[in-house]
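These notes are about the structure you will find just below.
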Amino acid sequence: MIARIWHGVTAAAKADQYLEYLNQTGILDYQATTGNLGVYVLQRIEEDKAHFQLISLWESFEAIKNFAGLEPEKARYYPQDTEYLLEFEETVTHYDVSISPSQGETMKELERIKDQVERTFTADAWHGPALLETLTDVTAEKAVAKPAGNSHSIWEILLHITTWEEVTRRRLIGDVVNVSDEEDWPRISDTSEAAWRSTLAIAEATHQKLLDAISQLSDADLNRAVNSQAGIEHSIYVSLHGGIHHLLYHTGQIALLKKLV
C-alpha cells in the first residue's frame, strides 16, 4: 500500500468553504478511482492561514496513475483552486505504508458487506430467521397459495428475489441490466413439488454466484458506479446494501404469508 501526501494552504476565513469544495472535487475523484483505499483530510489553523494535508492510500503506483496521470509525483489541481489556495506546491510525496490498521484482524468493509449478504440469505441474521430458514418447512402447496387475496405468493416472491440477486451480480461485473415486468415477477406454470424444489435450488445457486462476484471486488470498488437502469447510476456500495434491505423486506413478507397459510 502507498500513501500519497499533498499539502495546501488557504485563508483561514475560507477554510470551511474550501473543505466543502474539496469534498466535491478531489475527494470524490480519489474515491471514484480504481485502486484507492481511502483518504484522510487533516486541517490546522495557524494565525490567518488554514493548512490542509491530504493523505490518500493506494494499492499501487499504477493505481495512483489512474488518478494523477503519467507523472504521479506532480500535484493535481482544479480550475477553481485559484479561488482558495494561497500557494501551489508542484509535487506530492509518496510513502510505502509499513504498518496500518487494516493489517490487523479487522474485516475489510467489503468482507463485512459480504458477510451480511450471506447471513441475510442463509442463517445467523441479526433480526431472526434468514430467507432459507424461513422457507425450511414451506411446501409447493404453501408456496403457491395466496392467503392475502391479490398479494404475491411465497413462490412469486422467491422468484422475484432470485431475479434481483442475478441483476445485482450482472451489474457488479459491468453489465447494464434493465428489468421487464415479466422478469421482475416471473409467472409460475408448474406448481408441482419438484418444480418448487428446483426453484429453491436455483435461488441458492444464484445467491452463490452473487457471493462469488462480490469476492472478486475490493474496498476500492465500493464507490464505483454501476448502471442500475437507463439514465440511473448507483455505487456498488449502495447496490449491495440495497440488496440486503430488499432481501430483508421480502423475507418479512414470506414470514407473514406463512402465518396466514
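Brief remarks follow.
- Shape call, region 156-224: gyration tensor on alpha carbons, a/c limit 1.5: oblate
- Selected from Ala143, Ala12, Ala123 as most flexible by GNM, with the chain as the system and alpha-carbon contacts under 10 Å: Ala12
- Distance from region 1-78 to region 155-213 (C-alpha centre basis), Å: 42
- Within-13-Å neighbourhood charge of Ala15 [Cβ basis; K, R +1; D, E -1]: -2
- The Ser192 and Gln216 beta-carbon pair, evaluated with R₀ = 30 Å, returns a calculated FRET efficiency of approximately 0.25.
- Working note: Cα atoms of region 109-260, range along each principal axis, descending, whole Å: 45, 33, 25.
- Cα-based shape type of region 100-187, given that a ≥ b ≥ c are square roots of the gyration tensor eigenvalues and the cut on a/c is 1.5: oblate
- Taking N as its residue count, the alpha carbon Rg of the chain over 2.2 N^0.38 Å: 1.33
- Taking GluC sites (Glu not before Pro) across region 1-70, the ones in a DSSP loop with at most 12 further Cβ atoms lying within 10 angstrom of their Cβ are Glu47.
- With a Förster radius of 41 Å applied to the C-beta separation of Val177 and Glu73, the computed FRET efficiency comes to 0.50.
- FRET efficiency, 1/(1 + (r/R0)^6) with R0 22 Å, evaluated for Gln31 and His94 via beta carbons: 0.70
- Per-residue ellipticity at 222 nm from helix content only, as computed over the chain with -39500 (n - 2.57) for each DSSP H run of at least four residues, stands at -14000 deg cm²/dmol.
- Extension gain, Asp137 back to Leu19 (0.36 nm per residue minus Cα-Cα distance, nm): 36.9 nm
- Entries in Lys142/Lys259; Lys142/Lys209; Lys65/Lys108 that, when Cα-Cα distance is taken, lie over 20 Å: Lys142/Lys209; Lys65/Lys108
- Sorted fewest first by neighbouring Cβ atoms within 10 angstrom, Ile154, Ile188 come out as Ile188, Ile154.
Each reported figure results from applying straightforward, stated rules to the coordinates on display, with no laboratory input. Quick caveat, the model's predicted, so the values are computed rather than measured. We place every Cβ from the backbone using ideal geometry, glycine too, and count neighbours over all the protein chains shown.
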